[in-house]
Amino acid sequence: TELGAGFDPPDDGAFYRLGSDDIAAWAEATGDRNAIHLLPGRAARAGLQVGPDDVVAHGLLVGALSLAVCAPSTRHQTSLRFTGPVEVPIPRQDGRGQWASLAVSPGAGDVVQGGRPVLRRRSRTGAGGGVSNADRVPDVP
C-alpha cells in the first residue's frame, strides 16, 4: 500500500504507519495488554466495527500521535474524542507487512484513517478537558 493511498490526507499533514508489532510494543511499554490490542479477532468479537482479524490501536497511542504533531496550548484545555477505532491488520501469511495508515492534521491535531476521522481534538479555555471514548470497550479476556 502506498503511503496516503485510500484517504484524502490534509495537504500539510503528518503520516504514520502502525503495524501490529508497533501495537505489541506499545502494550509492553504501557502494560495495557487488553486482548483487543493483541489478539486478532478479539476487537470484532467485542463489538467494534473492525475487520475480523484486525487488532485495535491503543487510544493513548493515537492521542500521543496527535499531541506530537500539534502541541497543546498551555492556555487551553485539550479534549480528545475518539470517534472510531484504529484498525491495524495483522501480517499476511506470505510474511509481507501490513499496517494502518494514519494522517494527523497539524493545525487541529485530528487523526484520520481511511478517510474517516478516528480522533477529533478540540481546545477550549477553562476546565473540563480530557479524554472521552465515544464507545467504551470492556476488557476482553
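The values are calculated or read from the model by the stated rules, or taken from the named source; none is laboratory data. Worth saying up front: this structure is predicted, and the values here are computed from it rather than measured. So basically every Cβ, Gly included, is an ideal-geometry build from the backbone, and we count neighbours across all protein chains shown. Each accessible area value is taken on the protein alone, full model and side chains, heavy atoms only, with ligands, DNA and RNA left out. Shrake-Rupley method; radii C 1.70, N 1.55, O 1.52, S 1.80 Å.
Data for the structure
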quantity	calculated
The range 35-63, residues that are part of a helix (DSSP H, G or I) and open to solvent by 40 Å² or more (accessible area, probe 1.4 Å)	LEU38, ARG42, ARG45, LEU60
Pairs where the first residue, in the range 76-105, is without any contact (Cβ under 8 Å) to a residue 12 or more places away in the chain and the second is open to solvent by 30 Å² or more (accessible area, probe 1.4 Å), C-beta under 7 Å, 6+ apart	ARG92/GLN98
Pick from the range 15-34, criterion small (Gly, Ala, Ser) and assigned to a helix (DSSP H, G or I), ranking: farthest from the chain's Cα centre (by Cα)	ALA29
Single condition ALA57 does not satisfy, out of (1) hydrophobic (A, V, I, L, M, F, W, C); (2) closer than 16 Å to ASP110 by Cα; (3) at pLDDT below 95; (4) within 16 Å of the chain's Cα centre (by Cα)	(3)
Complete set of residues in the range 68-83 that are in a loop (DSSP other than H, G, I, E, B) and surrounded by 14 or more Cβ atoms within 10 Å (Cβ to Cβ)	CYS70, PRO72, THR83
